[in-house]
Each structure stands twice: as structure tokens, then as C-alpha cells.
Amino acid sequence: MAFESFLKARAANRTGDSDEAIRSADIAIDLFVQSHNLPGTLRAGFERVYALRRKSRGNECEKESGRLSRLARPASYSWLQTQILLERSSCLAMDGKFDMAWNTAMNAQRVAAHAGYRSLQLRAVGMEASLHTNEGRLDRAWTTTARGLHLFFAEAFPPERGFQFYSELEFAAEEAEQWHLAVMLQKEAISYIQAQGRHDFEATAHFHLAAAEVALGDAPGARTEIEAGQEAFHRLPQGSSRAFLEAESKIALAGMEAKFGSPTAAKDYLSGLDEIVSKAENFTIQLSYEQAQADIQKALGDHAEESLHLKRLVSIGNTGFASLESPRDRWEWEHTVGQAYRRLLEIKLDDSHDPLKALADWESYRSTTSSNKRRLLPSLGATKVDQQFLIEQTKTLHDSSVIVFAGLPEKWVAWIADDRGIRQVTLPVSKSELASLTKAFLLLCSNPASSVQKVKSTGLRLYELLLAPLDQEIRLRNTLYIESDGILGMVPWTALTTPDGTYLGTRFAIVNVPGLAVSPAASQAERANQFLVAYPGAVSLAGELYPPLPGAQEEATRLATSQKNSVYLTNKQVTTSNLANALPHASQFHFAGHAVTREFGGELLVQGPDGGELLSASTISSLDLSRLRLAVLAACSTGTTLEASRNPHGLVGAFIQAGTHRVIASTWAVDSQATSGLMSRFYSLLRRNRDKGSTEAAWLEAVIPASVSHPYYWAGFQVFGLLS
């Protein structure tokens, strides 16, 4: 009887009848427990957990999977343990507990790999990819899924695994709004699930494909897929599981219709779903529902109702945001709810004309992803304390100004703040034009063969769009602190051309700052006065030789011998452990070697016991570098991540998060000979002027002689740091 009930539960889950699966699993569990059959209890319990997850009963699923996992662990039932861990990971993600979900999925991979369960290991890789997508790490989602597909095609696996991976790729393509790619991938996913009897998967897959067709404007194709999805749904048994899956699909379609089609049609899709969504213990579906409702109200021009749904979305999103431990994860999660917050601010800006209040709202939002502390995204409305903090931050800027750029959904806004107050302007540029110009300018500056005339004309156009509206305010200033946003984090600001034909970097000292509300690390009682110089020489890593940079050894030796209190690490001395030990005691740091920027973040190439090793951004950010006044990363592409001063994946962001006051880093593969001359002038000027603003002032003076050449040779290095 117990085994028969278990088989009924498994069959019901295969056909998408979650209600029957739970009923039969409960009977089986009771009977297995009475007969003291632990394997049977666990196996039937897994079917129950699977059904709970499919019904989006996340909280109950999480508790039950946790109980089963504890039962399975001492018994060493590796297959069951892996399956239960994977379901638990899904349930935790459903509740917005992403760090716990991640650790559980990685544990499932380890158990499956150790036991040799290749199919389960593959499913765990798919779960890893899904978590990457959910948290906004689209590059990692793509590469993880590609790795899974490579394994899938290498052996014979169930077709469901192919469906899983192609579906994950499609989700990532949707998030990136690559609709043609999304359509092709979803068609491939459907080909793997057809004829498998999984009508629940097939139905939702057709609805996802329909949504992508809507985005492409293919109304006939969308209708065909909707009909196919409805036909698959009708093959499912009646029950809450079917109702939820249908609701999930309608929400996806409503979101697409609101953005690319008809708000009226979108409203029809959402009609009657309120109760189903409110009962679902599914974090992602609730987010999607509120976003779709907000998009509908935006299309209808009802900004009050739109704001209401956006505020709900941010509130729901904070459940996931609060669960994330690391700045890296919070940075990625901003992708999920950040646009809702930006749109809320945009609506508020249209109704209000208080620059101080608007800037305080923006900075309060930005500080959540730039802080080492776990914080929630704020409800829109900075406090009087926040506003007073900004006033205190900027009133001491007598010969400098801070310029803050904000990319909102439909416009770009800028604020300029200093001892004269705060002014706000809407920039005369579309988002698409600014993105195109910025990319073109970066390519021109980073290519020594490009025409200087083209560099200057493009740089002048960017100046006219970004800084000309503020020209009167900055004219008599010496230093510009620039807080970039999004695509503007790629701008080599020093190479912008002013109306009189000079480069911006020869008129102003420029510092890229992560935000006005980002506070420096607590200063150490004991002030350091030590110059740490590191020259790793040739490094061999993963079969590739990175030869010494031309002139780097001479440069490093000259710097080390010119300073009284210097520590000079060379060749085999430049290891991860030696640098990690020395950096917290240094006041200045100069690295003359290679660096790489990968999707996982930036890394310095150093020596190891068996060849090269990497000093990663994550390791650097974990150090206490509050004594470090200046870090110069004289290597190629050390500041290439988007919004380098804020991005915790990159080297610059890691040094700043660890407490470093100023960082000089390169935004492209620089010329070694030109860099050597630039650094020599900079350090000579730095020794002459040791006041608080000496770094940016010395860099300005060092750049002026070089500016007669192509910007490739001098504009690649930028200064990053905090306002204070």
C-alpha cells in the first residue's frame, strides 16, 4: 500500500497534478513511517516537496525539505540527499533567501559529483545557472549554462536536462532583451520537452515563447504559441497547481503586452490573478506581477497607480536584497529591482523641483550597493538627516564641485553640488544616443591609430551633452568629482574636449567617486608611512606566459629607492599572502605587473609556489586598507569594469571598499613606455606637494605634458576615490 501510494505520487508529479501528488505522498509517508522504512519515507517525502515547490508553497517546501535533508544526511543516501538539496535550493530562492539557496545548490553539486550521479550533477549545474539569472549575473548564467550543455551533449541524459538548459539560456536572453535569440532558444527548449508528457513544462514554455514573440512584434506567432500553451494547460488536471502555472504564464504575457503591445490586452491577462498571486509563496512571481501592473499603469498614464505598484515591487524585492551577505551579490541584485526604484525617482522628479531632496533620494539608493553593510533599498523619500548629510558633505567644496549623473528609465539627470548649493538639470540627450557616443569615444581613445580629430569631435559632442549645461558652475573650479552611472562609467573623462579645444583633463583635476553617501573606512589610530612597491616579473598562469612589462622593473626599482620607508617585493616575493600581509600596513602601493579582468572580477597576476596565482578583488576587499592613501595599479585594464569605483567585482571598487583613499587605474591596455614616463612625472610631483589634494593635483600636472600626444597614451589612467 505504501509503495503503491508512492508510485501514485510520482506519476501525479510527472503529469503536473501536484494536489494528487501531495495526497498520495502523505499516505505513503505515514505508512513508511509506521513500518520504520527510512528510505521509503525519504523517497515519498521528496515527491511531496517537489509538489509543494511546483505549487509555489515556498515556506512549507523550505521547512519540509530541511527536515528531509537532516534525515537523509547520516544515512548516506546520496541520490535522495542530492534531490532533496536541489528542491530545497529552489524553495529557498522562492522565498528570496538567495545566499542560502546558493550554498545549498553548491552542496548538491558536491554530493552528486562525489557519488557519481552525473544526471543529478547536471541538474545541479542548471540550478546554479538559474540562481545566477535570478540575481542578475547574466554573464555567469550564460557561461554556466553553456558548461551544462557541453556536459549534456557529451553523454546520454534525459531530454528534461536539455530543456532545463535551453530554458535557462532563454531566460538570460529575455533579461538582456535579446528577443531574436530568446525566440530561437525557447523553440529549442520546447523541442526537448514535447512528447515527454510534461504538459506543465510544455505549457509554460509556449507562453514564454509567446511573450518573446510579442516583444518582436510578431502577433501571429504569439497567438500560435498562446494557443499551444492553452492546449497543453487543458491536458493538466484541474487544481491549484494548474491555476498557478497558468497565472505565471499570463503575467509574463501581460508584462510583454504592456511594454510592447497593448495595455488593454495586458490588463485582460492579469484580470482575476490577484488572489492567486497573493497566496503564492513565490517571491519571483510577485515581483513579476507588480512589474507588469506598473508597466500597464505607465502605458495608461496613471503615474499614481504606477508608483503604488513600483513601491510594492521594491518592498518585495527587499526580501531578497536583505538575504544577500556580500556587496557583490547586492550589486547584482540591483539589476532586479533597481529600475523600479529609478522609475519611482523619475516620477517624483517630474512632480517636484527640490534638487537637494532629489539628490538625497538618489544617493540614499546608491549607497545600498556601495556599502559593506547589509542595508535595504530605502523607501523613496530621503530623510532630513540624509539631506543635512549632503549639505555637510558639499559645503566644504570651495574650489571644487561634485557632478552626479543618474540614468533614469526615460532621461538622464545631473546634479552639481558644492559650497554654493545644489543645481539639477535634465540632460539634452536620449539614452540610445549617449550609449552610442560613449562606446564610440572609448574605442577612439583606446586606439592609437584613430584620428585625433575624430577623438576631439566626439569628445566635444559628449562635453556639450554632459557638461555644457553646467559650464558656468564649473568654470572657476579646480577639481571635479564625478559620480558616473551605468554607461557613463566607461567615459575617459580627461579626454573630453572643451569648446576652446583643450582636453578636460588639462583644465581640471578629476576624481571618479562611488557616491556622496559612501563613507570612508574608519581611520587607523596609527598612521602608516610605508611605500609598498611590487614587481612580480614574468608570470606563468594556466599555461600562458605573461612576460615582464617593458621598463616596469626599472620603474619599480626607481620608485622603491627614491622613498625612505619603502618595502620592495620583487619576483617570487610578490605572492598573494605577502601582499595580503603587507598592504594593510602601507600608506602607498605601486603595482608594476599584469592584471586581468574576468566576468568574476579583476585580479592581479602574482607569483605562487607552482607558477602564477591571482590576487582577486574579493581578497582585496576583505582586507583593512584604511591606512592606504594611494594605490597605483600600473598595469593594463585594471579599471575596466562598469562603474569601476563602485563595482565590487573590479580591482578599483575592491580597493575603495577596503578603505583606500585614492586609486589610479587604467581603463584599457596602456602603452608601457608612455606609462613609465607618466608615472615618473607623477611621483616626482607628488613628493613636492603632500597636502590632502596632492594625488589629483599631481596627476593633473603630470598629464599636461603628455596631452600633446594621442589620448591613448595618457587618458587611459584615471583617478578614483571618495569625496572626503
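The values are calculated or read from the model by the stated rules, or taken from the named source; none is laboratory data. Since the model is a prediction, treat every value here as computed from it, not as a measurement. A quick note on method: Cβ atoms are made from the backbone with ideal geometry, for glycine too, and the neighbour counts reach across all protein chains shown. With ligands, DNA and RNA removed, areas are computed over all heavy atoms of the protein, side chains included. Shrake-Rupley method; radii C 1.70, N 1.55, O 1.52, S 1.80 Å.
Considering only protein heavy atoms, what per residue accessible area in square angstrom results for the chain with a 1.4 angstrom probe? Don't skip to the end; give the middle numbers.
Details: 28630 Å² over 724 residues.
I get 40 Å² per residue for the chain.
Of 298/431; 357/411; 348/454; 267/431, which pairs sit farther than 30 Å apart, going by alpha carbon to alpha carbon?
348/454
Would you please give the residues with an amide H less than 5 Å from that of residue 397, counting only those at least 5 places away or on a separate chain, with H modeled from the backbone geometry?
419
Under 5 Å between amide hydrogens, which residues at least 5 positions from residue 613 or on another chain qualify, with H placed 1.01 Å from N in the peptide plane?
For residue 613, whose amide H was placed from the backbone, the distant partners under 5 Å are 606, 607, 608.
Is the shape of the range 123-243 best called rounded, prolate or oblate, per the rule: a/c under 1.5 gives rounded, else a/b larger than b/c gives prolate, else oblate, with a ≥ b ≥ c the square roots of the Cα gyration tensor eigenvalues?
Oblate, since a/c reaches 1.5 and b/c is not below a/b.
Tell me what the chain gives for mean residue ellipticity at 222 nm when only DSSP H runs of n ≥ 4 count, each as -39,500 (n - 2.57), the sum divided by the residue total, rounded to 500 deg cm²/dmol.
One gets -19000 deg cm²/dmol as the mean residue ellipticity at 222 nm.
Using only the Cα atoms, work out Rg/Rh for the range 143-204, with Rh taken as the Kirkwood radius, to two decimals. Walk me through the numbers before you get to the answer.
Working: Rg = 11.5 Å, Rh = 11.8 Å.
Ratio of gyration radius to Kirkwood radius: 0.97.
List the lysines whose Cα sits under 21 Å from the Cα of residue 187, skipping any in the same chain fewer than 8 residues away.
Straight-line reach from residue 187, under 21 Å: 250.
What is the list of residues in the range 243-273 whose amide nitrogen lies under 20 Å from a point 7 angstrom out from the Cα of residue 26, following Cα to Cβ?
Only 243-244 pass the distance filter.
Modelled label-to-label distance, residue 180 and residue 238, 7 Å Cα→beta-carbon offset: nm?
4.6
Starting from 0.36 nm per residue, how many nanometres of slack lie between residue 460 and residue 113 once their C-alpha separation is accounted for?
The span from residue 460 to residue 113 would gain 119.2 nm if fully extended.
Round to the nearest 0.05 the FRET efficiency obtained for residue 451 and residue 319 when R0 = 45 Å and r is the Cβ-Cβ distance.
Step by step, r from the Cβ atoms, then E = 0.30.
Between residue 275 and residue 103, what FRET efficiency follows from the Cβ-Cβ distance if R0 is 35 Å, with the result rounded to 0.05?
The value I calculate is 0.55.
Tell me the label-point distance for the pair residue 619, residue 11, using the 7 Å Cα-to-Cβ offset, in nm and rounded to one decimal.
5.8
So if the hydrodynamic radius of the chain is defined as the Kirkwood radius over C-alpha pairs, what does Stokes-Einstein give as its diffusion coefficient at 4 °C and 1.567 mPa s, in µm² per second?
On the way: Rh = 27.9 Å.
In µm²/s, the coefficient is 46.
Loop sites only, by DSSP: take the GluC sites (Glu not before Pro) in the chain that have at most 13 other C-beta atoms within 10 Å and name the longest stretch containing none of them. Show your work: numbers first, answer last.
Working: sites that count: 155, 177, 325, 410, 526, 599.
By the stated rule (loop sites, at most 13 other Cβ atoms within 10 Å), 1-154.
Computed over the Cα atoms of the range 436-483, what is the ratio Rg over Rh, Rh following Kirkwood? List each step's numbers first, then the result.
Numbers: Rg = 12.6 Å, Rh = 12.0 Å.
Here the Rg-to-Rh quotient is 1.05.
Once amide H atoms are built 1.01 Å from N in the peptide plane, which residues 5 or more positions from residue 567, or in another chain, come under 5 Å H to H?
So residue 567 has HN proximity to 531, 532, 533.
May I ask you to derive the relative contact order of the range 154-230, considering only C-alpha pairs under 8 Å and at least 6 residues apart, and to give it as an integer percent? Write down the numbers at each step before the final one.
Numbers: 84 pairs, mean separation 20.7, N = 77.
For the range 154-230, the relative contact order is 27 percent.
On the protein heavy atoms, probe 1.4 angstrom, tell me the percent of accessible surface of the range 441-578 carried by carbon and sulfur.
Roughly 52 percent, rounded to a whole number.
Can you spot the lysines whose alpha carbon is less than 17 Å from residue 97's alpha carbon? Ignore those fewer than 8 places along the same chain.
63
Can you give me the distance in nm between label points at residue 339 and residue 580, each placed 7 Å from the Cα along the Cα-to-Cβ direction?
The answer from the label model is 3.9 nm.
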